[in-house]
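Worksheet for the structure shown next.
What follows draws every value from the coordinates through simple rules; no lab data is involved. Keep in mind that what you see is a predicted model, and the values were worked out from it rather than measured. Note that each Cβ is placed from the backbone with ideal geometry, even for glycine, and that neighbours are counted across all protein chains shown.
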Amino acid sequence: METTYASINLYKDYLEKDENWAQTAHELFEAQKMLEYFKNEEKRLKEELKSQSGDTNCHGGDYYFRCDVRKGNVDYGRIPAIESMSDEELDSYRKKDSHTWKLSKK
């Protein structure tokens with residue numbers, strides 16, 4: 001018995017580019033992996049330094065380590081006047097749309 005598979009092109013709405021584009025995409029993909037590694041390393045080291053600091057502003061050598069407190073974000077959903085506003089009314093208060101690009105790998 002022969003097995004047949006349906007072929008679905010998930011990328012039909014994507015413009016196919018040349019090897020130069022693929023190389024640039026590969027370099028970005030690798031840079032993103034390195035960035036993720038170093039963000040995790042930063043978080044680990046910061047937690048270690050916090051632990052060593054005992055929740056106190058500290059210094060050692062040429063380094064200073066301090067805690068700055070920032071007020072929390074406003075939970076706009078809990079403001080009664082906003083709950084009664086329509087999406088169209090809220091749109092007049094919105095900032096411009098932002099566009100983000102995300103690279104993924106097949």
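Just so you know, the Rg over Rh for the range 1-54 is 1.37, from Cα atoms, with Rh as the Kirkwood radius. Computed from Cα positions, the angle between helix 19-53 and the longest principal axis of the chain comes to roughly 20 degrees.
Treating each Cα of the range 59-101 as an identical point scatterer and summing with the Debye formula, the log10 of I(q)/I(0) at q = 0.26 Å⁻¹ comes to -1.01.
State which entries of Lys71/Lys105; Lys39/Lys106; Lys17/Lys95; Lys46/Lys95; Lys39/Lys95 exceed 31 angstrom in Cα-Cα distance in the structure shown.
Numbers: Lys71/Lys105 38 Å; Lys39/Lys106 24 Å; Lys17/Lys95 34 Å; Lys46/Lys95 33 Å; Lys39/Lys95 29 Å.
Violating the 31 Å Cα-Cα cut-off are Lys71/Lys105; Lys17/Lys95; Lys46/Lys95.
Mean silhouette area of the chain, derived from the convex hull of its C-alpha atoms and averaged over all directions, reads 16.9 nm². Largest mean-square fluctuation among Asp55, Asp91, Asp18, in a Gaussian network model of the chain whose springs join Cα atoms under 10 Å apart, belongs to Asp91.
Summing Cβ point charges (Lys, Arg +1; Asp, Glu -1) relative to the Cα centre of the chain gives a dipole of roughly 360 debye.
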